[in-house]
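Undergrad: Let me give you the structure first, and then I'll get to my questions.
The values are calculated or read from the model by the stated rules, or taken from the named source; none is laboratory data. Worth saying up front: this structure is predicted, and the values here are computed from it rather than measured. Quick note on the areas: whole protein, heavy atoms, side chains included, nothing else; ligands and nucleic acids left out. Shrake-Rupley method; radii C 1.70, N 1.55, O 1.52, S 1.80 Å.
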Amino acid sequence: MFKNFKNRLKSQKGMSGVLVALLLVIVGVGLVAGVQTFMQNSSTAIQGSATTAITAATTAAAQ
C-alpha cells in the first residue's frame, strides 16, 4: 500500500499534485479516526443503557 502511494507521489507533476495527494491521505486518516471514535462512544452509551434497562427489569421482576 505504501509502495503504491510512493509511486503515485513520484508520478505527480509539480507540487500541486503532491499537495493534493497528501491532503487526501490526511482527510482519509481523519475520517477513519472520527468514525472509530464515534463507534466507540456509541458502543459505550448503548452498553450503559442496556445495563440500566436490565437492572430495572430485574428489580421489577423481583418485587
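Undergrad: Which whole-number value in Å² is the accessible area per residue of the range 1-59, probe 1.4 Å?
TA: 86
Undergrad: Provide the gained length on full extension for the span Asn7 to Ala33, in nm with one decimal, where the gain is 0.36 nm per separating residue minus the Cα-Cα distance.
TA: Between Asn7 and Ala33, full extension yields an extra 6.8 nm.
Undergrad: Roughly speaking, to the nearest percent, how much of the chain's 1.4 Å accessible area is carbon and sulfur?
TA: Taking all protein chains in place, the chain shows 70 percent carbon and sulfur surface.
Undergrad: Taking 0.36 nm per residue of separation and subtracting the Cα-Cα distance, what length does fully extending Leu24 through Asn41 add?
TA: Working it through step by step, the gained length comes to 3.5 nm.
Undergrad: Dividing the alpha-carbon radius of gyration of the chain by 2.2 N^0.38 Å (N being the number of residues), what value is obtained?
TA: In units of the 2.2 N^0.38 Å rule of thumb, it is 2.19.
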